[in-house]
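The values are calculated or read from the model by the stated rules, or taken from the named source; none is laboratory data. Model, not experiment: these values are computed from the prediction. Note that we place each Cβ from the backbone using ideal geometry, even for glycine, and neighbour counts take in every protein chain shown. All accessible areas refer to the heavy atoms of the entire protein, side chains included, with ligands and DNA or RNA removed. Shrake-Rupley method; radii C 1.70, N 1.55, O 1.52, S 1.80 Å.
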Amino acid sequence: MPFCSFILMLAASIGLPAAELKGRVLDPAGAAVPLARVALFRADLSTAGEARTNDAGEFLISRLAPGTYSLRVASGGFSDYRAAMQLAGGTSHETIVRLSLQPVNEDVSVTAEANTVLTTADIPQRVNVLGRLELTQRSRTALAEAFAEETGLETQRTSASMGGVSVRGLLGKNVAVYRDGVRFTTSAQRGGVSTFLNLQDAANLDSLEVLRGPSSAQYGSDSMGGTISLLSRNPADGQMGLHGEFAPFYASAAHAMGSNLLLTRTHGRVAWTANLIGRRINTLRTGGGVDSHAAVTRFLGLPSTVLYNRLQDSGFTQYGGMARAQYTLSPRQQLTAHYERSQQDGAKRADQLLGGDGNRIADVRNIMLDFGYLRWTGAQMAGFDQASATFSYNAQREERVNQGGNGNPLAAITHQYEKTAVWGANLFAAKHAGRHDLLAGGDGYWERMTAPAFTVNVVRGTAAESRPRIPDGARYVTYGVYLQDSWDTLGNGRLRLSGALRFGGASYKSRATASRLWPDDSMAANTVTGRLGAVVRVSGPFRIHAHYSRGFRAPSVTDLGTVGLQGNGAFEAAYVDLAGRGAIIGDRADDRAVPTGVPVGRVRAEHSDNYDLGFQFSSQRARFELTGFRINLRDAIVSQTLLLPPGAVGQMLGDQPIVRQLPGGAVYVPLSSAPVLTRGNLGGAQNFGLEQRGEWRPAAAWVFAENVTWIYARDAATGFAPDIEGGTPPVTANLRLRYSPGGRRYWAEIYSTLAGRQDRLSSLALADRRTGATRSRANIAAFFSNGATGQGLVANGILLPTGETLTQVQNRVLGTANSAPLFTAVPGYALFGARAGWRVSEKSDVFVDMSNVLDQRHRGVSWGSDGAGRATTVRYQLRF
């Protein structure tokens, strides 16, 4: 890649001549469509040009900078049209747009390569693109649901209010999230659960994209498994005056209901949109009305129906809004302002309550998001074809309130408030030179944590300051500069090369307070990452794609300073709190761990190497794609059992006393039924996989589509399943058959998700209450005496439904063992559903989805609850 030539061009003062785009918009019969709205958007969602078609369906957009654009065409009564366009300087490009009653969109990506709009067929790295249609159909109650049914992805559901996305078997801290090109992920993110992802609402989004595989060269730290990009609805669509939409919905699985009200207006140089959103989610009915990991099942061997047939503590309320405006400063400059606020009230961790541990309190209170940015975009200025500068603010806050002890009403109650405030800046400049599209950019994000905490002694009725999960006042900075080159080597699209290099890193600093609840600490890590890929068009419909990328993940604040309860149910202690205690890392993440001989110390940065190779075939009637990948993780940060020298009982770990110690050194605190964990770099792991998808049109009205994902993960040293939080999804297939007759206003579809049995569970997954749900005799005794007694299941030392004593229950549940998992594998499942849409008029639509029609019980790896049972979702959309 000739990056040197790019540096020389930075001093250039004259850009290439402008381009123009002209064309015609036709209906399905070939007749002209007058007054259709035509808009060209840059990759950063700013508007490059707009037009309306005349009586002949013709349009013209001129004075365009050379580059790539997303073309969107809309007209009442037809589905919106979207396609990628490449415009060369000094030329006039012509196109024909044929509208349809059903969606006719290319898979267009605006995030795979910085400031570049491409069809997915021309991108070396694999990318999922979900448009408004998929977002509307799949997001029943939360955004995370939208990622279901996608190649290479698996939805993770920690609770009704929280969820995440597994990309190629990596989850949480290994998947970076961006909003309109601004970093949404923070260093305070927990290892497996994404607390704030669902605060983003599908009603605010135009589309979302997922890059599969590391993309640290563009997106920096944390992009080890992939990168999620959430892209806003754009107010500037060429539609003058005031317009809007109203979209109420109802979903029966959780008796959920809500709506959004959107207003948008374009007038002269100004275009704006505002969206208000609210919903109430009530208790969830799972498949068959059974909760497979309920505390009464885990500890007492009883079905969850002895207490409930709807998942307790799964309800919450969510509300918020978005305001977005674009102002055209001049034909070549545009300013975009964006702000959104979202909040969840009443959320709880059901898997820590009767859905798993049997505790009395596990609140996630006042989950709030304040997110905004100001972006300047310019074209054909100072020698560059395009340039952009963005300044952003991102504040995420929550309060966790927990009481452990398996339902002990006298256990201490911890209150941990956290707020992470992030100020960010990023910029880039791009230049088209011959067959090269060159770009240089940089970004930086400055984070500060506010994390006061206190613990209530229920017996004494007192409260005292305590160690928060992360150090109060900690600071974290991420930064990087990068270069990118896309090269059409032959000038005809037969061989396209794309590459990027980045130098970046992170730094961390925390200072002890007067109370000395944590010591001083600091860290700095940086590296060079890159990617290189190629797409070869062997013949018209046949392409081969190959891609290499190097990933990087600096230790986060959670890795370096966490002390507290984690998403997997275990309590973790950081190395800074274990200094001088002789702490050793165990070889597993459960009570069977033995010493590795590695002392607990500061974790180092993780690195990865990713290799993709595959092919794709595309014609008018069929599409087929197959990709094989391999990810080599080095110095992987994993959570393993903390082993302390004998005599640790009575010592404090944060605000928790050690109440029990096993002969091997594992210790326990009241807040968790699992042994205490700690983090370390223990070798590496390898993820292998195959991703396949296909689509076939046997007739004009019929489409059959499917995708299959298979992933195999192994510890590089032992060959066993690696102790990486989130676990490895099973082999999964998604099928759908759609009928959409031409000229009609309705469509219908049947669909299915088939998931295999996953019996390769790591020791971390087996101990996790959400997956293996290991329990011991001590756990059973604690729940028998506390939680079960409080629920009225135990009286006078007898379990009333069975007439057993505690000892009899322990022997029935565990046999002769001291501890054992409830599940040693995650069962497979087959789900079937049907959905349909009807365009009632040019301005209104009705959508109905009947999911899991056979009411099958199902649960994925690291899910905090079973999946929804038989349900019907109804959504109405009115445009005005």
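Semi-axes of the chain's equivalent ellipsoid from the Cα gyration tensor, sqrt of 5 times each eigenvalue, largest first, rounded to whole Å?
With the √(5λ) rule applied to the chain, the semi-axes are 47, 31, 25 Å.
For segment 595-685, what class follows from the C-alpha gyration tensor (a ≥ b ≥ c being the square roots of its eigenvalues): rounded when a/c is under 1.5, otherwise prolate if a/b is larger than b/c, else oblate?
prolate
Mean shadow of segment 17-120, computed from the convex hull of its alpha carbons, in nm²?
6.1 nm²
Please report, in debye to the nearest 20, how large the charge dipole of segment 452-501 is about its Cα centre when each Lys and Arg carries +1 at its beta carbon and each Asp and Glu carries -1 there.
So the magnitude is around 200 debye.
Which percent of Cα-Cα pairs in segment 673-727 sits in each 5 Å bin, short to long?
Over segment 673-727, the share of Cα pairs per 5 Å bin runs 4, 13, 16, 14, 12, 9, 8, 7, 6, 5, 3, 2 percent.
Among 327-340, 43-56, 151-164, 196-209, what's the highest-first ranking by average C-beta atoms within 10 angstrom per residue?
For the peptides 327-340, 43-56, 151-164, 196-209, the packing ranking is 151-164, 196-209, 43-56, 327-340.
Suppose the Debye formula is applied to equal point scatterers at every Cα of segment 26-79; what is log10 I(q)/I(0) at q = 0.16, 0.23 Å⁻¹?
-0.51, -0.89
Plugging the Kirkwood radius over Cα pairs into Stokes-Einstein for segment 205-298, at a temperature of 37 °C and a viscosity of 0.692 mPa s, what D comes out in µm²/s?
So the translational diffusion coefficient is about 187 µm²/s.
In a Debye calculation with equal point scatterers on the alpha-carbon sites of segment 552-593 and no solvent, what is log10 I(q)/I(0) at q = 0.32 Å⁻¹?
These q points yield log10 I(q)/I(0) values of -1.15.
With label points built 7 Å along Cα→Cβ from the Cα atoms of SER100 and TRP702, find their separation and express it in nm.
Computed distance between label sites SER100 and TRP702 equals 1.6 nm.
Over all Cα pairs of segment 436-577, how is the pair count split among 5 Å bins, expressed in % and running from 0 up to the last occupied bin?
Binned Cα distances yield the sequence 2, 8, 13, 13, 12, 10, 8, 8, 7, 6, 5, 4, 2, 1, 1, 0.
For LEU242 and ASN457 in the same chain, what is the full-extension length gain: residue separation times 0.36 nm, less their Cα-Cα distance, in nm?
Separation in residues times 0.36 nm, less the Cα-Cα distance, equals 71.7 nm.
222 nm [θ] for the chain, helices only, -39500 (n - 2.57) per DSSP H run of 4+, per residue, to 500?
Here the helix-only value at 222 nm equals -1500 deg cm²/dmol.
Just need the relative contact order of the chain here, percent rounded to a whole number, with Cα pairs under 8 Å and 6+ apart.
11 percent
Could you name the lysines in cross-link range of LYS509, using Cα to Cα under 28 Å and dropping any fewer than eight places away on the same chain?
Here the lysines satisfying the reach criterion relative to LYS509 are LYS173, LYS419.
Describe numerically, in nm with one decimal, the distance between label points set 7 Å from Cα along Cα→Cβ at LEU613 and at VAL536.
For the pair LEU613/VAL536, the computed spacing is 1.1 nm.
Tell me, what is a quarter of the convex hull surface for the C-alpha atoms of segment 758-841, in nm² with one decimal?
If I average the Cα hull's projected area over directions, I get 10.2 nm².
Give the Rg/Rh ratio for segment 127-181, taking Rg as the radius of gyration of the Cα atoms and Rh as the Kirkwood radius, to two decimals.
0.94
Can you pull the percent of Cα pairs in segment 77-235 with separation above 22 Å?
Percent of Cα pairs beyond 22 Å in segment 77-235: 42.
Regarding segment 697-820, what whole-number volume in Å³ per residue does the convex hull of its Cα atoms give?
With only Cα atoms used, segment 697-820 gives 202 Å³ per residue.
Based on the mean of other beta carbon atoms within 10 Å per residue, what is the order of 447-460, 521-534, most packed first?
Taking the mean over residues of other Cβ atoms within 10 Å, the ranking is 521-534, 447-460.
For segment 631-751, take every pair of Cα atoms, bin their distances at 10 Å starting from 0, and report each bin as a whole percent.
11, 24, 18, 17, 13, 10, 5, 1
Can you give me the Kirkwood hydrodynamic radius for segment 234-355, using every pair of distinct Cα atoms, in Å to one decimal?
17.6 Å
Can you tell me the accessible area per residue over segment 805-880, all protein chains present, probe 1.4 angstrom, in square angstrom?
45 Å²
Once you have the Kirkwood Rh of segment 299-390 from its Cα pairs, apply Stokes-Einstein at 4 °C and 1.567 mPa s and quote D in µm²/s.
74 µm²/s
Mind checking the dipole of segment 447-602: about its Cα centre, +1 per Lys or Arg Cβ, -1 per Asp or Glu Cβ, Debye to the nearest 20?
So the magnitude is around 460 debye.
Ignoring ligands, DNA and RNA, please state the percent of accessible area on the chain from carbon and sulfur, probe 1.4 Å.
58 percent
Over segment 506-546, average the accessible area per residue using a 1.4 Å probe and give it in Å², no decimals.
Accessible surface, normalised per residue, equals 48 Å².
Normalise the Debye intensity by I(0) for segment 498-547, one equal point scatterer per Cα, no solvent, then take log10 at q = 0.23 Å⁻¹ and round to two decimals.
The Cα Debye sum returns log10 ratios of -0.87.
Provide the per residue accessible area, probe 1.4 Å, for segment 409-464, rounded to a whole number of square angstrom.
Averaged over the residues of segment 409-464, the accessible area is 45 Å².
Using a basic spin-label model with each label point 7 Å from the Cα along Cα→Cβ, how many nm lie between ALA820 and ALA836?
Result: 5.0 nm between the two label points.
Can you give me the orientation-averaged projected area of the convex hull built on the Cα atoms of segment 633-699, in nm²?
8.9 nm²
Hey, got the Cα dimensions of segment 142-268 along the principal axes, in Å, largest first?
45, 39, 28
May I ask you to order 624-634, 558-568 by the average number of other C-beta atoms within 10 Å around their residues, highest value first?
Going by the mean number of other Cβ atoms within 10 Å, highest first, we get 558-568, 624-634.
Taking only the Cα atoms of segment 293-452, how large is their convex hull per residue, in Å³?
175 Å³
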